[in-house]
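**Student:** Please find one structure pasted underneath; my questions will follow.
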Amino acid sequence: MSTDENTSGCDCPAPEAEPALTVAVLKQALAAEPALPLTVLWPDGDPIEAHFHVTEVGRVQRDFVDCGGTVRRTVTCLLQTWVGEDVDHRLTAGQLLKAFAHAAPVLGTDDLPVELEYEACNVIQFTVVRVDREPGRLVMRLGGKHTDCLAKDVCLPSTAKSAGTGCC
């Protein structure tokens with residue numbers, strides 16, 4: 001469900017689409033360096049506030065019908081972040097790994113792609129695309145999420161003429 005082109009009409013550049021890490025891959029990286037503090041980098045490379053918290057580790061299932069009438073389902077692991085006033089707080093890899101252990105019954109599987117939710121004027125979501133060990137920290141790199149038409153064969157004007165009336 002991603003596209004490399006920004007066609008939404010906004011002026012912000014669309015980040016490159018990269019596949020999200022799975023829970024299993026993220027947990028493996030966290031377990032390798034449990035004492036290191038976590039840093040999260042936006043797709044442009046800037047860090048979010050160092051004193052962020054992960055307030056929820058959840059399984060999000062979305063059942064929907066695309067504009068062509070196909071029933072679909074996506075399931076992800078969502079890390080909800082929150083930035084409080086406790087500026088000395090630092091989340092370590094081991095603490096996030098412990099949160100994953102608590103969430104295991106809810107997640108059900110380690111094969112889920114991991115996304116991160118952050119509140120900036122609006123709540124926004126990103127994919128977690130990479131974890132790198134750097135001196136003195138473990139870095140989670142975020143990638144963009146994009147919308148896309150999942151029924152292009154029915155909806156696009158060039159194919160709608162041959163397929164019928166189109167849908168969106």
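The values are calculated or read from the model by the stated rules, or taken from the named source; none is laboratory data. Model, not experiment: these values are computed from the prediction. Neighbour counts are summed over all protein chains in view; Cβ atoms, including those assigned to glycine, are modelled from backbone coordinates with ideal geometry.
**Student:** Tell me, yes or no, whether the stretch 122-132 has at least one residue that is farther than 26 Å from Arg73 by Cα and at pLDDT 95 or above.
**Tutor:** Yes: the stretch 122-132 contains one or more residues that are farther than 26 Å from Arg73 by Cα and at pLDDT 95 or above.
**Student:** Identify the residue in the stretch 17-40 that is among the β-branched types (Val, Ile, Thr) and farther than 20 Å from Val60 by Cα and, among all such residues, is surrounded by the most Cβ atoms within 10 Å (Cβ to Cβ).
**Tutor:** Looking at residues that are among the β-branched types (Val, Ile, Thr) and farther than 20 Å from Val60 by Cα, I get Val40.
**Student:** Something else now. Taking interchain pairs and intrachain pairs at least six residues apart, which have beta carbon atoms under 8 angstrom, with the first residue in the stretch 130-159 and assigned to a strand (DSSP E or B) and the second at pLDDT below 90 and surrounded by 13 or more Cβ atoms within 10 Å (Cβ to Cβ)?
**Tutor:** Pairs that qualify, where the first residue is assigned to a strand (DSSP E or B) and the partner is at pLDDT below 90 and surrounded by 13 or more Cβ atoms within 10 Å (Cβ to Cβ), are Arg130/Glu18; Gly143/Pro15; Gly143/Ala17; Gly143/Glu18.
**Student:** Follow-up. Can you list residue pairs whose Cβ atoms sit under 6 Å apart, with the first residue in the stretch 25-42 being free of Cβ contacts under 8 Å to residues at least 12 places away in the same chain and under 14 Å from Val139 (Cβ atoms) and the second being assigned to a helix (DSSP H, G or I) and basic (Lys, Arg)? Count only pairs 6 or more apart in sequence or on different chains.
**Tutor:** Hits for this filter: zero, empty list.
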